[in-house]
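Worksheet: the structure to be examined is printed underneath.
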């Protein structure tokens, strides 16, 4: 029986897209007859569980990880060092007995621990490169200090020791080819939709503050990898020179979410802010708005793929994407949506955002079962979840020295 150790960050019931998908894939491998150990993090007490899916075995090892301050670079670095060390120590016996070690981009920099260790173990090493580190940190800083440049060169050398790369998109494959990874070592394995959306699924109630408006939903993390200035410019045009019929619902965490909310409230433009819903309500949330919003800065194309794209396209709702055509976000949305339901604006093109909002305003009313949204009494219950694991939740590349929580299917 093939023995696999699968490493990721926050496992359910904690909220993180990488952990959610890792659990799904680990069960898939175990169902196929493999002996799988899935190791990840927990904000609560550590635990060990065992499942018997199909003809294989799955052991789920949760290692407790502490709260840390994301605003403190030194604290983030120490958290990463300690957490990665603790995770590997807890799984040392499984690692020694494994035929294959599969690790993700979260927690970050596991490569720098596993590549040297595997020089001794000699196992098949598979890297599911969910986020690129330190490239994300380099894009975040906008400059590359000499020490970071040296660390980047070390990272490139360590990547040469990886047996196989699993990429989430073709844009990530392009990035790996650019740094000299051989095509035969790269395998495309996309994430699936995190939820199943039944045709008769009842949407959640709309916030009363958005009554009478077409609702554009941004749900999940709104961190450093996401453009916000282009959207704000277009949203201002829509309300000051256009029909002003579309209103923003920020069901989000992260620094950019705070900035967008503060800017719109200061200018008297409509916005409703809530915290991410509980996982059980995610399918209904995705069916609630008239359209979804996804954004991605050009600097992060191919380094991160916003996982929220899968849930958004599964919903069948129109999507406004602010970002580059080079990202697989554009490819995935074009494949799934009718041309009139897919709206894209390049970063920096506020007027294109305004035109897309006007098009969304002209769309016929949408809804779930019978076009009726849930009861108003559910409004509070739909937005009560607040994730307190980190002080400043910014998923993906903004988490280059320590991951932050994100909603499954909504995250980066």
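The residue that is surrounded by the fewest Cβ atoms within 10 Å (Cβ to Cβ), among those in region 15-45 that are under 21 Å from residue 109 (Cα atoms) and modelled with pLDDT under 95, is 43. Within region 205-224, being under 12 Å from residue 295 (Cβ atoms), modelled with pLDDT under 95 and in contact with a strand residue (DSSP E or B) (Cβ under 7 Å, 6 or more places away or on another chain) holds for 220, 221, 222. In the set (1) buried (at least 22 other Cβ atoms within 10 Å of the Cβ); (2) in contact with a helix residue (DSSP H, G or I) (Cβ under 9 Å, 6 or more places away or on another chain), the condition left unmet by residue 79 is number (2).
If you go through region 33-43 and keep only what is over 28 Å from residue 67 (Cα atoms) and not in a strand (DSSP E or B), you end up with 33, 34. With respect to residue 101, is the statement that it is buried (at least 18 other Cβ atoms within 10 Å of the Cβ), more than 17 Å from the chain's Cα centre (by Cα), closer than 21 Å to residue 87 by Cβ and in contact (Cβ under 8 Å) with a residue 12 or more places away in the chain true? Taking the combined requirement at face value, the residue satisfies it. Within region 199-221, the set of residues being assigned to a loop (DSSP other than H, G, I, E, B) and either more than 26 Å from the chain's Cα centre (by Cα) or in contact (Cβ under 8 Å) with a residue 40 or more places away in the chain (or both) comprises 200, 201, 202, 203, 204, 205, 206, 207, 211, 212, 213.
Only one entry of 140, 149 meets the criterion of being over 20 Å from residue 101 (Cβ atoms), assigned to a helix (DSSP H, G or I) and free of Cβ contacts under 8 Å to residues at least 12 places away in the same chain, and that entry is 149.
Checking each residue in region 257-284 for being crowded, with 24+ Cβ neighbours inside 10 Å and modelled with pLDDT of 95 or more picks out only 260. For region 162-169, the condition holds for no residue, the condition being that it is within 24 Å of residue 43 (Cβ to Cβ), modelled with pLDDT of 95 or more and within 22 Å of the chain's Cα centre (by Cα).
Scanning region 46-69 for residues that are in contact with a helix residue (DSSP H, G or I) (Cβ under 8 Å, 6 or more places away or on another chain), closer than 14 Å to residue 107 by Cα and outside any loop (DSSP other than H, G, I, E, B) yields one hit, 63.
Reported count of residues in region 156-198, each being surrounded by 14 or more Cβ atoms within 10 Å (Cβ to Cβ) and part of a helix (DSSP H, G or I), is 10.
For residue 30, the conditions (1) within 22 Å of the chain's Cα centre (by Cα); (2) in a helix (DSSP H, G or I) are fulfilled apart from (1). Return yes or no: is residue 133 assigned to a loop (DSSP other than H, G, I, E, B), within 28 Å of residue 177 (Cβ to Cβ) and either touching a residue at least 24 places away in the same chain (Cβ under 8 Å) or touching a helix residue (DSSP H, G or I) at 6+ places or on another chain (Cβ under 8 Å) (or both)? Criteria met by residue 133. Just one of the listed residues (316, 311) is out of contact with any strand residue (DSSP E or B) (no Cβ under 7 Å at 6 or more places or on another chain) and at positive phi, and it is 316.
The criterion of at least 2 residues that are under 17 Å from residue 236 (Cα atoms) and modelled with pLDDT of 95 or more is met by the following helices (runs of 4 or more DSSP H) wholly inside region 293-364: 350-362.
The values are calculated or read from the model by the stated rules, or taken from the named source; none is laboratory data. Small disclaimer: the values here were computed from a predicted structure and weren't measured. We place every Cβ from the backbone using ideal geometry, glycine too, and count neighbours over all the protein chains shown.
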